[in-house]
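Here, each number is a calculation from the coordinates, and none is a lab measurement. Note that this is a predicted model, so its numbers are computed, not measured. FYI the Cβ positions are ideal-geometry reconstructions off the backbone, even for glycines, and counts take in every protein chain you see.
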Amino acid sequence: MRIAVTGREGQVAKSLADRAAERPGIELITVGRPDLDLTSSHTVIPALVAARPDLIVSAAAYTAVDQAENEPEIAYAVNADGAGKVAEAAAEIGVPIIHLSTDYVFDGNGSGDYREDAQTGPQGVYGASKLAGEKKVAEAQPKHLIFRTAWVYSPFGKNFLKTMLRLASDRDEIAVVSDQWGNPTSAQDIADGILHAATLLQRNREFAGWGVYHLAGAGATNWSGFARHILDTSARHGGATARVREIATAEYPTKARRPGDSRLSTDKFSDTFGWRAPDWRQSTEKVVHRLVGDEAGQTRKA
């Protein structure tokens, strides 16, 4: 099976390349700039047609949540119009599309464990642009799987986990918000879930369960609990650590409003595909161990 992934540098794209290398029978191609630029819609279809995929994973996105408030045109160009154009390419080629979305499509004012059919209500430009992208993907290619995920971290790129490790290297205490709840999700687990679903699609040509699913780490916590587990794990492996001081969202103002409680129910994904992501603590430990081990190895070489 030949899978084309939009974007080369994103956490999910890199994790897909990492995990696909361990799976015989899967050829994964990442397609990104300058060949494919979601802000230049005329590049999208030719680049994906040239890749000759059996499946497209729409992973590239504009993810700068606060910056999106200042440049909504770019956020919508990438997350809505660009995603729609990727789905148009999938329809033209005649292959399914797996599109990644976010928990930020919800307002987070409930008690969490959002199901796929729950009322959406994004609180900022990022979430609104991703919700618009979901609609454009669904309209352009009926054979679509939209996977909403949350609080993504990995050994790659910029993310909360890596930020905590970096801050712990030069300070004794880190203030972290404690009144926002969600599902920390390893991009490595997202990649495994995508590849599992892709394999099922390949085996079942009569698959009819197209639509929206939630794909996120099992279990939930708040940001301070996530930070504490990251740093405790780092300490056990000989890495940097620091105290975590819990603060309220009001004490850490940001340009964009975040959902207060955007925990996702992943039962539909599990029931349909027979797969569930590991507990977030387990996956966090794997990523921290990998990063702390890599840093220790580099120090020894130096």
Q: Please work out which residue is farthest from GLY193 (Cα to Cα), limiting yourself to segment 1-39 and to residues that are within 19 Å of the chain's Cα centre (by Cα) and of a type in the set (Lys, Arg).
A: ARG8
(Q) Which of the numbered conditions does LEU165 fail, given that it passes all the others? Conditions: (1) surrounded by 20 or more Cβ atoms within 10 Å (Cβ to Cβ); (2) within 18 Å of LYS143 (Cα to Cα); (3) more than 14 Å from the chain's Cα centre (by Cα); (4) not β-branched (Val, Ile, Thr). (A) (2)
Q. Got a sec? Which helices (runs of 4 or more DSSP H) wholly within segment 24-101 have at least 3 residues that are surrounded by fewer than 16 Cβ atoms within 10 Å (Cβ to Cβ)?
A. 44-51
Q.
Quick check on segment 56-73: of everything there that is under 18 Å from GLU9 (Cα atoms) and not hydroxyl-bearing (Ser, Thr, Tyr), which residue is farthest from the chain's Cα centre (by Cα)?
A. ILE56
Q. Only one of (1) buried (at least 23 other Cβ atoms within 10 Å of the Cβ); (2) touching a strand residue (DSSP E or B) at 6+ places or on another chain (Cβ under 7 Å); (3) of a type outside the set (Ser, Thr, Tyr); (4) over 26 Å from ASP66 (Cβ atoms) is not met by PRO278, so which one is it?
A. (1)
Q. Which pairs do you get when a residue that is without any contact (Cβ under 8 Å) to a residue 60 or more places away in the chain, found in segment 210-234, comes within reach of a residue that is among the small types (Gly, Ala, Ser), reach meaning Cβ atoms under 7 angstrom, with the pair 6+ apart or on two chains?
A. ASN222/SER178; SER224/SER178
(Q) I'm told GLY108 meets every condition in (1) touching an Asp or Glu at 6+ places or on another chain (Cβ under 6 Å); (2) in contact (Cβ under 8 Å) with a residue 24 or more places away in the chain; (3) surrounded by fewer than 22 Cβ atoms within 10 Å (Cβ to Cβ); (4) farther than 18 Å from ILE56 by Cα except one. Can you identify the failing condition by its number? (A) (3)
Q. Out of (1) in a strand (DSSP E or B); (2) on the phi > 0 side of the Ramachandran plot, the odd one out for GLY112 is which?
A. (1)
(Q) Only one of THR233, THR284 is surrounded by 19 or more Cβ atoms within 10 Å (Cβ to Cβ), touching a Lys or Arg at 6+ places or on another chain (Cβ under 9 Å) and at negative phi. Can you tell me which? (A) THR233
Q. Hey, SER15 hits all of (1) closer than 19 Å to TYR126 by Cβ; (2) surrounded by 15 or more Cβ atoms within 10 Å (Cβ to Cβ); (3) among the hydroxyl-bearing types (Ser, Thr, Tyr) but one; which does it fall short on?
A. (1)
Q. Any residue in segment 170-190 that is crowded, with 23+ Cβ neighbours inside 10 Å, in a loop (DSSP other than H, G, I, E, B) and within 18 Å of the chain's Cα centre (by Cα)?
A. yes
